[in-house]
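One structure is given below, encoded as structure tokens.
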Amino acid sequence: LRSKYLTRIGEAADEAALEEVRLSAIGKKGEVALAMRELGRMSPEERQVEGPRLNELKSEITSALAARKAALHDAALDARLAGEWLDVTLPGRRSGRGPADGSVHPVSQVWEEVTAIFADMGFAVAEGPQVESDWYNFDALNIPDHHPARGEMDTFYMARAEGDDRPPHVLRTHTSPVQIRSMQEMGAPLRIICPGRVYRADYDQTHTPMFHQVEGLAIDRDISMANLKWVLEEFFTAYFGRSVKTRFRASHFPFTEPSAEVDIQCSFEGGTVKVGEGDGWLEVLGSGMVHPHVLRSGGVDPDEWQGFAFGMGIDRIAMLKYGIPDLRAFFDSDLRWLRHYGFGG
Ligand code: PHE
């Protein structure tokens, strides 16, 4: 009995076979159990010899089963590890439809180009938070409570829990709060740009709820509108690789005086945008001379310093450069669209 079962245990190829051996050996109706039942019919002398032998056999079989089970388990694990082995150094598989290699999104490319062009003109890069206090986003920029500009901005307000006594916060509606933060941190004179994400509840062919702006701010003792115009025209020439027609329109912003908006000449025909031709104009930025209240909010003395500021739509100038007529497509993550416009492989 002993050698028969120990052999069968050793030969069991998997846990199911092992269970079968267990049942036929030490299960309720197994051979060892039956033999134990026989003990009752034996003489006391025989029983004294056979009883302990059977018990010993049963425990020997039990531990052989356990040992075999552990061995099978280890082997199964080894097999799984070998089967699922992953070579992380292998190159990735192509998705078939998508570009062969990843590529930089057009908006990110333009972001980097814009930064490089302004860096050449001596502008440093500044940053600020996207969740901004309403003081930085509005009050400090000469937009007090109840000013109509607050309503016109389609602002996303951050929800507030009851009893929260922190100042109200918004998703910044423009990069202009970074003007204040930069003046507070660095004082005057100052020459910075701030590229970043901004948010407004607005959606159509030329508006998306998240978009990108680059803020510019130059403060010195005798900065004028003429410097602003020169910087912007230099920028557009570098960016488009040739001079393009721009239109400065008188406008109004609470944080600049005087203020101007700038449009770029383009045509919108045949499902594409072409810069520098036609009789269409795309508005790409707001600008002006920094309002004295704003300088004061940033801790800069308006009797000594003055400056210009502008806020340009990065996505807008990307539309113009790549002939993309619908801003929304930038944020749809459609690989076919990216390829069509020459991005990605
Ligand atoms: N912050 C303005 C806007 O978003 C743009 C702007 C920036 C205007 C700086 C003037 C000066 O729309």
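Things to note:
- For the pair R160 and E60, label points projected 7 Å from Cα toward Cβ lie 8.3 nm apart.
- Label zone of D220 (point 7 Å out along Cα→Cβ, amide N under 17 Å): in the range 173-195 this covers 187-193.
- Remark: the D279-E152 segment gains 42.9 nm on full extension, using 0.36 nm per residue and subtracting the alpha carbon distance.
- Relative contact order of the chain: 16 percent, from C-alpha pairs under 8 Å at least 6 residues apart in sequence.
- With 10 Å bins from 0: P(r) over the range 263-345, alpha-carbon pairs, percent: 16, 33, 22, 16, 12, 1
- Hydrodynamic radius by Kirkwood, which averages 1/r over all alpha carbon pairs of the chain, in angstrom: 26.3 Å
- Cα convex hull volume per residue for the range 162-266 (Å³): 153 Å³
- For the range 3-68 and the range 208-267, distance of Cα centres in Å: 93 Å
- Under the membrane-span-like helix rule (DSSP H runs whose alpha carbons stretch at least 30 Å along the helix axis, mean Kyte-Doolittle hydropathy 0.0 or higher), the chain yields none.
- Here the ratio of the Cα radius of gyration of the range 153-204 to 2.2 N^0.38 Å is 1.46.
- Spacing of the modelled spin labels on R247 and E185, each 7 Å from Cα toward Cβ, amounts to 3.7 nm.
- When every Cα-Cα distance of the range 194-345 is counted in 10 angstrom steps from zero, the calculated P(r) takes the values 10, 35, 34, 15, 5, 0 percent.
- Cα centroid separation - the range 106-137 against the range 268-326, whole Å: 13 Å
- Comparing P167, P209, P91 in a Gaussian network model of the chain, where Cα atoms under 10 Å apart are tied by springs, the biggest mean-square fluctuation is seen for P91.
- Cβ-placed point charges (K, R +1; D, E -1), dipole of the range 101-167 about Cα centre in debye, nearest 20: 80 debye
- Annotation: lysines with alpha-carbon distance below 25 angstrom to K245 (same-chain offsets under eight excluded): K229, K274, K321.
- For the range 28-146, the convex hull spanned by the alpha carbon atoms encloses 431 Å³ per residue.
- Residue among G151, G323, G163 with the largest mean-square fluctuation in a Gaussian network model of the chain, springs linking Cα atoms under 10 Å: G163
- Carbon + sulfur, % of accessible area of the range 131-285 - ligands and nucleic acids excluded, 1.4 Å: 49 percent
- The GluC sites (Glu not before Pro) of the range 218-313 meeting both criteria, a DSSP state outside H, G, I, E and B (loop) and at most 12 other C-beta atoms within 10 angstrom of the site's C-beta, are E269, E277, E304.
- When only the Cβ of Lys, Arg, Asp and Glu is charged (+1, +1, -1, -1), the dipole of the chain relative to its Cα centre reaches about 1680 debye.
- Global form of the range 107-151, assessed from the alpha-carbon gyration tensor, a/c cut-off 1.5: prolate
- Farthest towards the positive end of the charge dipole of the chain, among the residues N227, L320, Q179, is the Cα of L320, using unit charges on the Cβ of Lys, Arg, Asp and Glu.
- Compared with the direct C-alpha span, the chain from S3 to E269 gains 86.6 nm at full extension, assuming 0.36 nm per residue.
- Average accessible surface area per residue within the range 222-345, 1.4 Å rolling probe, Å²: 46 Å²
- Distance between the modelled labels on L23 and E234, one decimal in nanometres: 8.9 nm (7 Å Cα→Cβ projection).
- Listed residues Y203, Y322 arranged by accessible area, highest first, probe 1.4 Å: Y203, Y322
- For R296 and E45, the difference between the fully extended length at 0.36 nm per residue and the C-alpha to C-alpha distance is 79.2 nm.
- From the C-alpha gyration tensor of the range 227-297, square roots of 5λ in Å: 28, 14, 8
- Under the criterion of Cα pairs below 8 Å and six or more residues apart, the relative contact order for the range 101-224 equals 26 percent.
The values are calculated or read from the model by the stated rules, or taken from the named source; none is laboratory data. Quantities reported herein were computed from a predicted structural model and do not represent experimental measurements. Neighbour counts run over all protein chains shown; Cβ positions are idealised from the backbone, glycine included. Please note that ligands, DNA and RNA were not included when accessible areas were found on the heavy atoms of the full protein model with its side chains. Shrake-Rupley method; radii C 1.70, N 1.55, O 1.52, S 1.80 Å.
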